[in-house]
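What follows is a single structure, written as C-alpha cells, with notes after it.
The values are calculated or read from the model by the stated rules, or taken from the named source; none is laboratory data. Computed from a predicted structure; not experimentally measured. Cβ placement follows ideal geometry from the backbone for every residue including glycine, while neighbour counts extend to all protein chains displayed.
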Amino acid sequence: MVETKMPENQPTFDLQDPKLYLNRELSLLEFQRRVLEEARDTHWPLLERAKFLSIFGSNMDEFFMVRVGGLKMQIDEGVVEFSPDGLTPAEQVAAIRKLASELLKTGHEAWADDVRGQLDKVGIHVLDYQQLDEKQLEASHEYFDEVIFPVLTPLAFDPGHPFPHISNLSLNLAILIRDEKGHERFARLKIPSTLPRLLPLKRSSGSTRKDGTVPYHHYFVWLEQVILANLQALFPGMKIMEAHLFRVIRNADLVVQELEGDDLLETMQESVRERRFGSVVCIEINRQMPERIREVLVDQLEMDAKDVFAFDGPLGLTDLRSLLGIDRPDLKDPPFLPVVPKVLKKPNGDDTNVLDAVRQNDILLQHPYDSFLPVINFLRQSAYDKDVLAIKQALYRVGTNAPVVSALLEARRDYGKQVSALVELKARFDEESNIVWARMLEQEGVHVVYGLLGLKTHAKVALVVRREGEHIRRYIHLGTGNYNAATAQIYEDMGLFTCDPEICADATDLFNYLTGYSAKKEYRKLLVAPVNMRQRFEALIEREIEHQKAGRPAHLLFKFNALVDKAIIQKLYLASQAGLKVDLVVRGICCLRPGIKGLSENIRVISILGRFLEHSRIYYFENAGEPQVYLGSADLMPRNLDRRVEILFPIEDPGNIRYIRQVLDTYLRDNTSARIMQSDGSYKRLSPGKDEPEINSQLIFLRNART
C-alpha cells in the first residue's frame, strides 16, 4: 500500500483509496458533454454547430459499441474486477445508462429546440413530412416511386419467418400490419443507408444578402418520413396499424483470437465481418413506440430492457454531418490554407528537398497550421532519389485515400526501392481499409508485416536509408498523429524530421523488433512501449520531484488525450504533495482529481475544444532549467504503456524546445475555449476577467502560422 505522510495539520492519503480516482467511462462521457456544449455555443457558425452535434452522435455510437460493449462482455463472462474508482462492470453500466440517457436527451433537444430553428431562419429548412407543400409532396412521391421503392425489402416475422438480423447502426421501422383475415403481423423494414438520410428538395431563391448575393433556400426532408408516408405501397391488401422507428447499436469491441488463426489477415477479415453480428448493446426508439412493440424488440434482440433509449425526433444525430455539404460559406468556419514552413521552401516558392533541409537542422511541424505536404514529399522525394536504398514505415490509420501509401507503392513499383510497411490490422474501425492497403502493398512487392502478437503498433514513424558517399545516413519522421492526409487538416498534431544518428539507430532497432526477432531492452534516446517507456517516464517524474525538493526549477507540463493509468496518477499526486507545479492539458479522459488540498492542489487540469481536434501528446519536464521535452503517440493509459508499441521521442533543438514551450503556454493562457476541471470531474468554462483580452489558442496558432 502506498501511503504519504503529511505534516500534522495536513490530511494523510492512502493512494489506493478508490475515492481518489474518477471513473474512466464517466470521464469519457463528460468529454461528450463538452462536445455537446460546443453545439449549443452561439459563437460558432450555424453549420459548425450542426457538425458538433454530428460529432457528438458519432462519439456516443462509438462509446456504446466499444466501451459499453466491452463492459457487457465482462459481465457476461462473470468478471467482477473493480475499476480504480471501485466500481464493478455492472455498476459502471448502471452509472453509464443514467448519464448517457441525460446527454442523449440533451443532444436531441439541442437539435429540435435550437439548431434546427436557427438554420430555418437562415434558409436551411429541415422539414418534417407534414410540413411539405404541394410541390414538395409531389417531388417526394416521385422520388419514392423511382428511387426508394426498388431498394426497400420488408422482412416478415412470423412462425415461418425468423426474426431478421438487424445490422449495427441501422435505422429500421417496426411495422404492425393486419392482413385480410384480421390477423396482426409484424414486419421489419431497414431504411437504406445507400440513400441520403436528408433528402434534398428543390431549392428556391432567398432575399438579397448584404454583399449583394442572393442565397438559395435549401429544403430537406427525412428519408424515413418519406418511406413512412408511402408504406402502404409495400403491403398491398394489408392494413398498416402502426410503424415506429428504431436504431440498433451492437458490440463492436473485437476480440481477435490471434493464437487461433494461422493468418492474421484472414483472421481480421473474419472479425470485421463478425462485428456486424455482435450482441446488441442498446437500441434507440421514438418515444411514441408502444410497450408491446418494445417488448418484441427486447425479446428478439436478446437485450436488457434498461438499454432502450426513447427520444422525440430523428434518431442518429451523426447524419447531420451531411448538412456541411451545403454551399453556405457564411455559415461555416472561414477557410484557411496550411503553410509550408520557410525552411522547406525555395526562394522562388517551390518546395525544397526535405532530406537536404533535414541535413541542416531538425524540423518541427505543427499540423494543421503547418502543411502535411512535407511529410508526403519526404516519402515521394525519397522514392525517386537514386541514393535512397530503403524506406520503412509504420501505418496505423491512413484513410481510404492515402497519398502516403501511394508514395510507398511508387517507391517500390517505379523505382525498385526496398520498402517495408508495418500495417496495423487491429486499428479499430480502420481494419477494412488497412486490409485493402496491405494486400495492395504486398502485390507490388513491399515487405508487409502485421505487427506483434497481442500488441497493437500505434507508433508513428517513417525511416529512410540513404547512401551518401561511402557512408549510410538515415532520415526519420516521427509524429504524434497518423499518416492520414485528410485528418491532418482537422487534427492538431506535431511531427519531427531529423537525421540524428542515435534516434535513427533506435528506429532501426525498433523496426527489427517489429519485423523480425529482437529482445532489445535498451534504446539510446527513444522511449518505447512496452519495453522501457513506463519505467523511464516514471523516472522522469521522480527526477522532477527531486528538483523541486532541492529548490531547483521544476515544472511538469503535459498535453495528451487521456490520463487513466493509476501508477502515473499516483506519481503526479506525489509531485503535487512535494509542491511541484503540474499543468495538464487533457482533451478527453482524466481519472485524476485535481485541486484536493494536501493531495493535488498544485495540479491544474484544463481541456480545450475547438475547430481542430487537439491530438498531440507533449511531455515537458523543466529539469532544473534545462528543459527536456518528448513528443509521441502515447497517452498515459495502461494500454499505451503496457499493451501497445508506442514511441516518445525527444526534442533536442533549443529553438524547437522554445517553440513547444510557447505552444504550451498559449494553451494555458486560453480563456475562451478552455475549461478547467473540478475535483468532482466536472468542467467549468473559462472566460476573460475584467479588462483581460480574449485568448483563443487555436485562433492564435492560425494567426501565427509560420511561413
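For residues in the range 294-340 being among the acidic types (D, E) and not in a helix (DSSP H, G or I), which is farthest from F612 (Cα to Cα)?
The selected residue is E302.
Hey, could you check the range 630-649 for residues that are surrounded by fewer than 22 Cβ atoms within 10 Å (Cβ to Cβ) and not in a helix (DSSP H, G or I) and say which is modelled with the highest pLDDT?
M637
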State whether the residues of the range 149-159 include one that is in a strand (DSSP E or B), buried (at least 16 other Cβ atoms within 10 Å of the Cβ) and at pLDDT 90 or above. no
Yes or no: the range 622-633 includes at least one residue that is within 19 Å of K460 (Cβ to Cβ) and among the small types (G, A, S). yes
Among the residues of the range 556-580, which ones are touching a Pro at 6+ places or on another chain (Cβ under 9 Å) and in a loop (DSSP other than H, G, I, E, B)? V564, D565
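Which ones in the range 603-661 are aromatic (F, W, Y) and closer than 23 Å to K571 by Cα?
Of everything in the range 603-661, those that are aromatic (F, W, Y) and closer than 23 Å to K571 by Cα turn out to be Y619, Y620, F621, Y630, F649.
Among what's in the range 650-679 and is among the acidic types (D, E) and touching a residue at least 12 places away in the same chain (Cβ under 8 Å), pick the residue that is surrounded by the most Cβ atoms within 10 Å (Cβ to Cβ).
Looking at residues that are among the acidic types (D, E) and touching a residue at least 12 places away in the same chain (Cβ under 8 Å), I get D670.
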Does the range 503-510 contain any residue that is in contact with a Ser or Thr (Cβ under 8 Å, 6 or more places away or on another chain) and closer than 22 Å to L631 by Cα? yes
Near pairs, Cβ below 8 angstrom, 6+ apart or cross-chain, from the range 583-594 (among the hydrophobic types (A, V, I, L, M, F, W, C)) to any residue that is at pLDDT below 95: C591/P84; C591/D85
Here is a list of conditions, (1) at pLDDT 95 or above; (2) closer than 30 Å to Q366 by Cβ, and L455 meets all of them except one; can you say which number that is? (1)
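Could you say which residue among K684, K597 is at pLDDT 95 or above, surrounded by fewer than 17 Cβ atoms within 10 Å (Cβ to Cβ) and outside any loop (DSSP other than H, G, I, E, B)?
The unique qualifying residue is K684.
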Determine if the range 559-567 includes at least one residue that is of a type in the set (K, R), surrounded by fewer than 21 Cβ atoms within 10 Å (Cβ to Cβ), modelled with pLDDT of 95 or more and within 25 Å of the chain's Cα centre (by Cα). yes
Those residues of the range 148-198 which are among the aromatic types (F, W, Y) and either within 16 Å of M238 (Cα to Cα) or out of contact with any helix residue (DSSP H, G or I) (no Cβ under 9 Å at 6 or more places or on another chain) (or both), in sequence order: F157, F186
Can you tell me which residue among L53, L71 is touching a helix residue (DSSP H, G or I) at 6+ places or on another chain (Cβ under 7 Å) and modelled with pLDDT of 95 or more? L53
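Residues are listed down the side, and each one gets a yes or a no for (1) crowded, with 16+ Cβ neighbours inside 10 Å; (2) touching a His at 6+ places or on another chain (Cβ under 8 Å); (3) not assigned by TED's automatic domain parsing to the domain that holds E652; (4) not aliphatic (A, V, I, L, M):
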| site | (1), (2), (3), (4) |
| --- | --- |
| F497 | yes, yes, yes, yes |
| P501 | no, no, yes, yes |
| A507 | yes, no, yes, no |
| F511 | yes, no, yes, yes |
| V531 | yes, no, no, no |
| Q535 | no, no, no, yes |
So which of E424, E444 ends up being of a type in the set (D, E, K, R), within 24 Å of S633 (Cα to Cα), in the same structural domain as F511 (by TED's automatic domain parsing) and in contact (Cβ under 8 Å) with a residue 12 or more places away in the chain? E424
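Results for (1) under 21 Å from the mean Cα position of the chain (by Cα); (2) farther than 30 Å from C504 by Cβ; (3) of a type in the set (K, R), shown as yes or no for each residue.
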{"site": "E601", "(1), (2), (3)": "no, yes, no"}
{"site": "G625", "(1), (2), (3)": "no, no, no"}
{"site": "Y659", "(1), (2), (3)": "no, no, no"}
{"site": "V663", "(1), (2), (3)": "no, no, no"}
{"site": "Y667", "(1), (2), (3)": "yes, yes, no"}
{"site": "T672", "(1), (2), (3)": "no, yes, no"}
{"site": "R675", "(1), (2), (3)": "yes, yes, yes"}
{"site": "S697", "(1), (2), (3)": "yes, yes, no"}
If we keep only residues of the range 89-123 that are without any contact (Cβ under 8 Å) to a residue 60 or more places away in the chain and more than 18 Å from L71 (Cβ to Cβ), then the residue farthest from the chain's Cα centre (by Cα) is K121
Tally of residues being within 26 Å of S697 (Cα to Cα), crowded, with 18+ Cβ neighbours inside 10 Å and among the aromatic types (F, W, Y) across the range 326-382: 2
Of the candidates V404, V398, the one satisfying the condition of being touching a Ser or Thr at 6+ places or on another chain (Cβ under 8 Å), under 18 Å from G495 (Cα atoms) and either of a type in the set (A, V, I, L, M, F, W, C) or part of a loop (DSSP other than H, G, I, E, B) (or both) is V398
Can you tell me how many residues within the range 353-384 are more than 17 Å from A462 (Cβ to Cβ) and in contact (Cβ under 8 Å) with a residue 40 or more places away in the chain? 4
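May I ask you to say which residue of Q366, Q418 is polar (S, T, N, Q) and closer than 23 Å to E646 by Cα?
Going through Q366, Q418 in turn, just one is polar (S, T, N, Q) and closer than 23 Å to E646 by Cα: Q366.
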Could you run through the range 75-100 and say how many residues are assigned to a helix (DSSP H, G or I) and buried (at least 17 other Cβ atoms within 10 Å of the Cβ)? 5
Pairs returned, first residue in the range 385-406 that is closer than 22 Å to E646 by Cβ and not assigned by TED's automatic domain parsing to the domain that holds C504, second residue that is of a type in the set (F, W, Y) and part of a loop (DSSP other than H, G, I, E, B), beta-carbon separation under 8 angstrom, 6 or more apart or interchain, are none
For the range 18-54: of the residues being more than 30 Å from K571 (Cβ to Cβ) and of a type in the set (G, A, S), which is surrounded by the fewest Cβ atoms within 10 Å (Cβ to Cβ)? S54
If you take the residues of the range 602-617 that are polar (S, T, N, Q) and assigned to a loop (DSSP other than H, G, I, E, B), which of them is farthest from S687 (Cα to Cα)? S616
From D330, D350, residue being touching a residue at least 40 places away in the same chain (Cβ under 8 Å) and over 25 Å from E652 (Cα atoms): D330
Among the residues of the range 104-135, which ones are in a helix (DSSP H, G or I) and either touching an Asp or Glu at 6+ places or on another chain (Cβ under 6 Å) or buried (at least 18 other Cβ atoms within 10 Å of the Cβ) (or both)? L104, G107, H108, A110, W111, V115, R116, L119
